[in-house]
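*Asks:* Have a look at the structure that comes next, please.
The values are calculated or read from the model by the stated rules, or taken from the named source; none is laboratory data. No experiment lies behind these values; they were computed from the predicted model shown. Virtual Cβ from ideal backbone geometry, glycine too; neighbours counted across all protein chains shown.
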Amino acid sequence: MNSIRYIQHKPFLAYFTGLLESRDYTNEIKALEVGCGPGHFSALLKDQLKDRIDITAIDPSQEDIQTCASHHAAVKYRATTILDMDPERYREHFDVILFSKSLHHCDPLDETVEQAHRFLKKGGILVAEEFNPDAIDEPTARFFFNRLDLLRIGNHILQPAIKSESFLARWEQMIDPKSGPPVERWASIFNRKAATNLFKHGLQGHHMSSHGAMITSLAKAFGSGDESVVKAARNQPFLQCNFVLFGLEDTPIGEAVVEAIIAQEASAIKDGVINGTGVSYLVEKQ
């Protein structure tokens, strides 16, 4: 599992498996991953925890679920949404429900979170890994583009395999260092309206939820204050995922680049040079 598609998940995998270890499960962990996409994270998780975890991973994209078979992982991949799963069959069934970069795509949001609450056992946890767009300031955007520009000059950035003329036009603009200062280049592809149109890729619903909306929905369903939802893990490395998304070559050089960027970002976050753009929401069913 040396592809950049797997390596990009290392920071969150370390956090998530550490969280599971801290809860000291005595029986096999029943886990549901919602919005698994092409299945890289669930395959990694199964590879690390093996028989200690039973994973069901769902995504409404038939194409992504077909890709999941290439991992040859003992994961139950299903082409569905959490709202289409039987509410009685899966009531209080799972120990852990994971949204890996997918909760913001789940629309309607409140009904999705309520269904997750219904499916969790008492004491079960919901974990959502997300990108925090509010964290992008000038130093953080500059950190990203300084590295992207060097990789592009070295011909290590390839056109992404995304079938969207609109996306590719914005990608061409974003990778052009003459298109503006870092924050403007970032906004050219990551403003909410543009991102909503570009990144549907088969996930449930048509609207993307904001950072604040997700916090509010989780707090409401689980009876937690807003601060208790976000206090678990903030300032995580996440920018490496954007290098993968925006065309970093999947070669040994690309693998080394992802590892280096993860280390550089973690160091820069620790030193207060940039903001951490990764955030994990954690709530427990009482």
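*Asks:* Assess whether residue 258 counts as being surrounded by 15 or more Cβ atoms within 10 Å (Cβ to Cβ), at pLDDT below 90, out of contact with any Ser or Thr (no Cβ under 6 Å at 6 or more places or on another chain) and not basic (Lys, Arg).
*Replies:* When the stated conditions are applied, residue 258 does not pass them.
*Asks:* Which number in (1) under 18 Å from the mean Cα position of the chain (by Cα); (2) closer than 21 Å to residue 120 by Cβ marks the one condition that residue 40 misses?
*Replies:* Here residue 40 meets the rest and fails (2).
Every residue, every condition in (1) closer than 28 Å to residue 158 by Cβ; (2) in contact (Cβ under 8 Å) with a residue 40 or more places away in the chain; (3) crowded, with 21+ Cβ neighbours inside 10 Å, yes or no:
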| residue | (1), (2), (3) |
| --- | --- |
| 4 | yes, yes, yes |
| 8 | yes, yes, yes |
| 12 | yes, yes, yes |
| 16 | no, yes, yes |
| 26 | no, no, no |
| 41 | yes, yes, yes |
| 49 | no, no, no |
| 64 | yes, yes, no |
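*Asks:* Separate question: For the subset of the stretch 221-246 comprising residues that are closer than 13 Å to residue 147 by Cα and of a type outside the set (Phe, Trp, Tyr), which member is surrounded by the most Cβ atoms within 10 Å (Cβ to Cβ)?
*Replies:* The extreme case among them is 240.
*Asks:* Next up: Here is a check on your reading of the model: is residue 217 modelled with pLDDT under 90 and of a type in the set (Ser, Thr, Tyr)?
*Replies:* No.
*Asks:* Still on this model: For residue 177, state whether it is free of Cβ contacts under 8 Å to residues at least 40 places away in the same chain, closer than 23 Å to residue 268 by Cα and touching an Asp or Glu at 6+ places or on another chain (Cβ under 8 Å).
*Replies:* yes
*Asks:* Give me the residue from the stretch 158-174 that is within 21 Å of the chain's Cα centre (by Cα) and in a helix (DSSP H, G or I) and, out of that set, modelled with the lowest pLDDT.
*Replies:* Among those that are within 21 Å of the chain's Cα centre (by Cα) and in a helix (DSSP H, G or I), it is 167.
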